[in-house]
Every structure is written in structure tokens, then in C-alpha cells.
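The values are calculated or read from the model by the stated rules, or taken from the named source; none is laboratory data. Given the structure is predicted, the values throughout are model-derived calculations rather than measurements. Cβ coordinates were reconstructed from backbone atoms using ideal geometry, including for glycine residues, and neighbour counts include every protein chain displayed.
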Amino acid sequence: MSAGPRRIRVRDLETICRDAMRKAGMSDQDAALTADVLVTTDTWGVHTHGTKQLRGLLKNFRDGKMDVTASAEIVAQGISWALYDGHRSMPMVTSRRAMATAIEKARASGIAWVGVRNSGHFGAAGFYANMAAKEGMLGLSMCNVDPGVAVPGSRGPVLGTNPLAYAVPAGAEKPVFLDIATSVVAAGKVYAAQAAGKPIPDGWLIDKDGLPTTDPTGYPLVGALMPMAGHKGYGIALMIEILTGVLCGGAFGNDVVSWVNGPAPVNQSLAFLAIDISLGMSRDEFGTRMDKLICGIRGAPKAVNADRIYLPGEKEWDNREKALRDGILLPADVVTSLDGLANDFSLDTTGLFTVVDSA
């Protein structure tokens, strides 16, 4: 299959992912749970964190950075908190278990925090936050990442991109959710520019001297990403580092290794929070209040040439509806990664992809 944008049905993409994971040694259940996370992310249009990542994750198993036979376990817990050791198992499965635990504990205590140590790249943080929203709760998810982001005054990387996501249920409206890196841009977009041989926008990276550059070729060995909003993004990234690596008893700062090109084993830390709305007011009342807020924002006076005001997550929900109806339009770099995955595990993808003129 030559590289280029392709369209594929959701169920067919799930099948490719499940088949690859089963051949790698994962159980049917864990393969299905992981495929759901990655394919859902692609339906949102967030292709940097969707099925493109699976080939690298399965390579981590082969390289000994993760353990295909491992399973996360709770090593400590209380009424409103729990701590998992991920044992380097598939991070998507571990993360789903951790957020499910947070939701369960929040039903009893109102709010719960669940941390994970000894895990790896968990994909899109927004998936796990939305698990809580589906249960009528506010959800937050975050993780620390190997250093790749400068802080004000530094010449090189100090903290990771440390993503943060929240999701909030509404009434008649769809959940509001935000999923961001605390860097000015996700590292995956820099890698995508590298693969395409293209420059990056000004303000994304600094070079080895701490000066702005539009050349992505040296990253991450040379230079660093910039934090979003300067010192504000730096402060939020530091909070995430504390709530994950420090509080979980896991690796933090320079001790966190890259899941892409670092030494074995992976050692990222994750954190999940769930807040049960129903302990403060009825879910119906909260949904009505959220709908009013959403409609008020959407109905605000628009700037010249602006057609629509979006709520966080609204574009992703629109993308998902279209993907479920028409299939997922995958960009060329994702197709290339899936082509490599098919070759790695001798998968027959004949007839599953449709060629399109452009992405």
C-alpha cells in the first residue's frame, strides 16, 4: 500500500489493531480495549495520538520496554484514592482500569484521585476524562513525559509535554472536553513535520542555544519545545509533574525515559480524577446549567468573518459523527505507520482502505 491519505471504516481499523495486538501476544480483551482508545482518537481527528502510535507501542514490547504479559495492580488505596503499579503493561488498558477505579471511588466519596507509576504512553488523555463524563462525572487525566520542553530561562529541556485533559457532561449538549499538551504544541506534530520534511511555525522550538528555530530536524536530541503561554504553561506542567511522578512515587524530571527512543523500561506516571456531580446537585440540574453556559458561549457576538464559536471538544464530536458515518480519513503519515504495522505482523489489509485525492 503506497503512502497517501486513505479512508477506512471504523470497524475495519479496529480489526487491524486488534489483530496486530493479538499476534504480539496480548489477550483479546486487552487488544479490544486498546483498539477502542486508539480508533476513537482517530475518529476525533487527533491523528497524532491515534492508531499511528500502535506500531511504536508494540515495538516497545519486542524491545523489552513494556511487558506484554503484565497487568497493572493496586499497591495502595483508601476511600477516595488508589495507587497502581502499571508493571509496564499496555498503558491504555492500565489507564482505563485506573479511571474506572476513580469513578467507582468517587461514587462513594464524591471525588477520587488514582495514580499510576511504571507505565508508558497512554495516548489521548481526553479518552479517559470522557470515561468519567459518560458516567455523569467531571473527569481529569494527565501524565508526565520525558523532558522535551524548555522552561523560562533554560537553554534545553526541563519538563515533558505533560498533557492535561478534562471532560464535563452536559444535558442536551455533548460533553465539553479539552485535551492539550502543556507545551506550545504536542511533540507528535514536530515529529510529523520531520517525517514530511517541512519546517515548523515560529515559536514551537528553541535550538541548542535557546534561540527560536523553525527547523525540526534535530529534535529531541537538539533543542526543546516551548511551554504554552510562557510561565503559565510552565507552572501547569510542573503541577502535573507533581501530581503524577512525585505523588505516585514514580520517575520524574530527568529520570523519565522516552517511550519512543529511550532505554528500557518505560517509566511514566499517570493521574486520574473523578468528581461526582450528583453529591452536590442532581445531574439533571447540572446538565441544564451546563447547557445554558454552552449556549451562552456559542451565542456570543462573533468576530468579523467568524462563522461559528466552538466549545472545547465540539470539533472532535463533529469529526467523530462524520467518521462513524463515512469512515475515518487518515493522513499519509498514519497510513505509512499502519502499513508498517501490517508488514510487522503479516496482516492482510487488502480492500480495507479507499484512496482519496487529499486529506
* Set K189, K174, K208, K198: member being among the charged types (D, E, K, R) and within 28 Å of L293 (Cβ to Cβ) -> K174
* Asked: What do you reckon, is V246 assigned by TED's automatic domain parsing to the domain that holds A112, outside any loop (DSSP other than H, G, I, E, B) and among the aliphatic types (A, V, I, L, M)?
  -> yes
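Each row is one residue, and each column tells you yes or no for (1) assigned by TED's automatic domain parsing to the domain that holds Y84; (2) outside any loop (DSSP other than H, G, I, E, B).
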| position | (1), (2) |
| --- | --- |
| S154 | yes, no |
| K174 | yes, no |
| Y191 | no, yes |
| P216 | no, no |
| L221 | no, no |
| I240 | yes, yes |
| S258 | yes, no |
* Matching entry among A303, A251, A342 (being of a type outside the set (V, I, T), at pLDDT 95 or above, over 27 Å from D146 (Cα atoms) and part of a loop (DSSP other than H, G, I, E, B)) -> A303
* Asked: For the range 307-337, which residues satisfy the criterion of being without any contact (Cβ under 8 Å) to a residue 24 or more places away in the chain and either under 16 Å from V176 (Cβ atoms) or buried (at least 20 other Cβ atoms within 10 Å of the Cβ) (or both)?
  -> R308, I309, Y310, D318
* strands (runs of 3 or more DSSP E) fully within the range 17-130 counting 2 or more residues that are under 19 Å from the mean Cα position of the chain (by Cα) and at negative phi -> 111-119
